[in-house]
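Q: Just passing along the structure, written as structure tokens.
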Amino acid sequence: MSFFKKSELDHNDNALKNSNKELADKYLELISGFSFSVDELDVEMKEILIRIQGLTAESKRQASSMISMNDVIDVIYTTVQESRKKASQASEISNSTYENVVSKRKKFEEITKSLSENGESLNSAKKSFMELEGKTKKAKALVERIEHISAQTNLLALNASVEAARAGVHGRGFSVIAEEVRNLANETSEVNKVISGIIAEIIKSVDKSKNDVHQVVQNIGFQSAEIENTIEDFALIEHVSRDSSEMSKWIADNSKDLEASIYSAKEVIEKVTDSVDCSSDKIEELSQAIKEEAISTNSIKKRIEQLEQLNFQLMNKEISRNDSTIVIATSPYEPYFIYDEDSKEIAGMDYDIINKAFEGAPFKVEFKMVPWDTSIKMVKNGLSHILPAISYDRSREKYLKFSDSYRLQSPYGFYTCQSQMIHVNGLSDLEGKRIGVISGYTYFPELYQLNVQLEEGNKEEILFKKLQKGILDIVILEMEPGDYQIKKLNMEQLIRKEPYTFVLKNPEKTYLGFGTVKNLDVACRVFNDKIREMQKNGMLQKIIDHYK
């Protein structure tokens, strides 16, 4: 006996299936969210690991530097000790030198004073010689005058003798007197000659003495000037010697303080060295812990994949969809698919194109935002029907049937960090670099022939974060999504778009990939017909231009 009508059982069965479908969709959403979060966590963990590794290297370098510094401090400390001793000796020598200089200067001042007094005495003697010279000249003039008188007397005596001779007997007495006068005149003349000779000798001697005294006075003046210059030099030397003595004393006094300070610094550096060694060990431990956490992140990814497979099994067993529903599973790929994680709303260039193409079609379109790898797995397992925004690849024909092309891929842009001195002027500049690319996306063949380290990411935003944090050197994206993301994230001042772009000789076309698990020929035909119509009426270009 049946307790329920068949219609009621069918209704309950459909309700259960719909409930399971909603549950499976919710699981899919959660798993996709986990996957995106793990990617972001992976970025943060790698950045932390890079920073920790940098700290490890820096701490090791600091430890090495501290050891070297300690050795240098030891050398400096020894040098300062020796310098202090030498400074003390120098202070004593400088002080002794200063005292000697002062003593010598005083002696030279005494000599200068003595020379000055001698110079005054000689000047007085020179004056006396000049007076003597004047008197001698007067005496010479008197002698010459006496000589003249003697000559006149002699002449008068001669005339008197002549007159006496004429007078005869009467002039005899006068003749005797005249003879005596003439003899006296001759004798006076002889004496006068002797006196004149003596005066000449005196004049000659006085003149020589005067010249000698003059020369001595000049020499004394010259020597006095030289000694005065020497005294000035000694005064300068005395000043320098005094400063040197004071400086040497200051150095000697401060060397003691410096020696004590360096010894204290030496003790501090030894303590810091021990602390740095300890910090280095702790950073090493932290680095190892981060590496283990990174391994755990990979383990989480594997767990998510396992959970994803279980959910796929649940979807295969429990979810029954109406044949009129077409599921499109894709990853967020702005501006083609723009996904708001908070509101769960979807927009974008390809989203609008697909909705417009299937507008009025006899089936419903349902979008699911999942990681790229998940979207491929879903279409392969028949859990989704369409893989959008893909390029043609012969290997994909195993599980996809391609629609007509509905747009061309934009040229490839190359993005670098403004703070890094990395520039791209050609593909050769990519050699040896860490390149960020979109996961599951096939790039131009030339890229894979280069010696580069490719690192995949599910989102452009994640790639740009890695670029900004130094995990990547260059990010390569189609220019449309690349430029869109930079503008959206307000990174124009942080991310630099390189002037070089790569344009394929035959630009890649973009297709819809229809899964082959279910016959979707009708849906593919509807899409192709509608796209041709949209190309003719300009609607397709209008949608594309809206997102540029």
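The values are calculated or read from the model by the stated rules, or taken from the named source; none is laboratory data. All of these numbers come straight from a predicted model, not from anything done at the bench. Virtual Cβ from ideal backbone geometry, glycine too; neighbours counted across all protein chains shown.
Q: Does Glu341 satisfy the condition of being outside any helix (DSSP H, G or I), surrounded by fewer than 24 Cβ atoms within 10 Å (Cβ to Cβ) and modelled with pLDDT under 85?
A: On the way: outside any helix (DSSP H, G or I): yes; surrounded by fewer than 24 Cβ atoms within 10 Å (Cβ to Cβ): yes; modelled with pLDDT under 85: yes.
Yes: the conditions hold for Glu341.
Q: For the stretch 376-416, name all the residues that are of a type in the set (A, V, I, L, M) and in a loop (DSSP other than H, G, I, E, B).
A: First pass over the stretch 376-416, keeping only residues of a type in the set (A, V, I, L, M): 376, 378-379, 383, 386-387, 389-390, 400, 408.
Passing the criteria: only Leu383.
Q: Moving to a separate point now. Inside the stretch 319-334, can you point out the residues that are modelled with pLDDT of 90 or more and either within 22 Å of Asp483 (Cβ to Cβ) or assigned to a loop (DSSP other than H, G, I, E, B) (or both)?
A: Across the stretch 319-334, the qualifying residue is only Thr330.
Q: For the stretch 345-381, enumerate the residues that are farther than 14 Å from Thr330 by Cα and of a type outside the set (Asp, Glu).
A: Across the stretch 345-381, the qualifying residues are Ile353, Asn355, Lys356, Ala357, Phe358, Gly360, Ala361, Pro362, Phe363, Lys364, Asn381.
Q: On to the next question. Step by step: first the residues of the stretch 183-199, then only those that are of a type in the set (A, V, I, L, M, F, W, C) and surrounded by 14 or more Cβ atoms within 10 Å (Cβ to Cβ), then the one that is farthest from the chain's Cα centre (by Cα). Which residue is that? Break it down into steps so the answer makes sense when it comes.
A: Kept after step one, since they are of a type in the set (A, V, I, L, M, F, W, C), are these residues of the stretch 183-199: 184-185, 191, 194-195, 198-199.
Adding the requirement that they be surrounded by 14 or more Cβ atoms within 10 Å (Cβ to Cβ) leaves 184-185, 195, 199.
Working: Leu184: 118, Ala185: 116, Ile195: 102, Ile199: 97 Å.
In this case the residue turns out to be Leu184.
Q: Which count do you get for residues in the stretch 357-375 that are part of a strand (DSSP E or B) and among the charged types (D, E, K, R)?
A: We begin by selecting, within the stretch 357-375, every residue part of a strand (DSSP E or B); these are 364-369.
If we keep only those that are among the charged types (D, E, K, R) as well, we get 364, 366, 368.
Selection size over the stretch 357-375: 3.
Q: Kindly evaluate Thr501 against the criterion of being part of a strand (DSSP E or B) and closer than 20 Å to Asn458 by Cα.
A: Values: part of a strand (DSSP E or B): yes; closer than 20 Å to Asn458 by Cα: no.
So Thr501 fails the test.
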